[in-house]
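Engineer: I have a structure here, written as structure tokens, and I will follow up with some questions on it.
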Amino acid sequence: METCWEPSTRTVPGPVRRTALNPTLRTESVVALTAFGALTAGAAWVGARRSTADTRWYRRLRKPPFQPPPRAFGPVWTALYALIALSGWRVWTAPAGPARSRALGWWGVQLGLNAAWSWLFFARHEPRRALVDNLALLGSIGAYVAATREVDRPAAWMVAPYLAWVGFANVLNGEIVRRNPRESH
């Protein structure tokens, strides 16, 4: 039987001993991983439906010179969404308790705010409201990282690139608002 040692959220001193999963738990874990993947893919799909740089409105916006080319966003977001799903799944596989519940709650909040940004920015053409959403998204990712560190440190580290990218996205969104005051309702 394979064993690994990981930090615990228990009040009893010492790490939690995680052993290889029995067949029933393996099935449950695969179902959970699929569910986290589906939820994340759903949020990505909602965002992708409206996220296009090929609209007249978006092409007309004045953008900062450090704006990445449109072709960069697809690969970056694909990798980030995979890490988001894996991180949530790892938290779910940790021992149940208030810390895990708190982390999973923040996981859901950040995913919802993530999907809302594209709708606000691209569908509604409201960069200022999208910036407010993006700031809330950044805060929720930070809260998720903090809560997740108590449950599973590798899961918290998995979303560090996402936190950095959303921080950069806030700068981009803020610059678009600044450079396009008429577009910012």
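Engineer: Which cross-chain or sequence-distant (5 or more) residues have an amide H under 5 Å from the amide H of residue 152, H modelled 1.01 Å from N in plane?
Structural biologist: none
Engineer: Calculate one ³J(HN,Hα) per residue across the range 108-120 by plugging θ = phi - 60° into the Karplus curve 6.51 cos²θ - 1.76 cosθ + 1.60, and present them in order as whole Hz with x for glycine and proline.
Structural biologist: x, 4, 5, 5, x, 5, 4, 5, 5, 4, 4, 4, 5
Engineer: Suppose each label sits 7 Å from its Cα in the direction of the beta carbon; what would the residue 73-residue 168 distance come out to in nanometres?
Structural biologist: 1.4
Engineer: Taking 0.36 nm per residue of sequence separation and subtracting the Cα-Cα distance, how much length would be gained by fully extending the chain between residue 28 and residue 160, in nm to one decimal?
Structural biologist: Contour length minus the Cα-Cα distance gives 44.8 nm.
Engineer: Heavy atoms only, probe 1.4 angstrom, no DNA, RNA or ligands counted: give me 101, 118 ranked by accessible area, highest first.
Structural biologist: Highest to lowest solvent-accessible surface, that is 101, 118.
Engineer: Let me ask you something else. When ligands, DNA and RNA are left out and all protein chains stay put, how many square angstrom of accessible area per residue does the range 49-185 have with a 1.4 Å probe?
Structural biologist: 51
Engineer: How far apart, in nm, are two points set 7 Å out from the Cα along the Cα-to-Cβ line at residue 35 and at residue 57?
Structural biologist: Those two pseudo-labels are separated by 3.6 nm.
The values are calculated or read from the model by the stated rules, or taken from the named source; none is laboratory data. What you see is a predicted model, and the numbers here were worked out from it, not measured in a lab. Glycine also receives a Cβ, built like all others from the backbone with ideal geometry; neighbour counts cover every protein chain displayed. Each accessible area value is taken on the protein alone, full model and side chains, heavy atoms only, with ligands, DNA and RNA left out. Shrake-Rupley method; radii C 1.70, N 1.55, O 1.52, S 1.80 Å.
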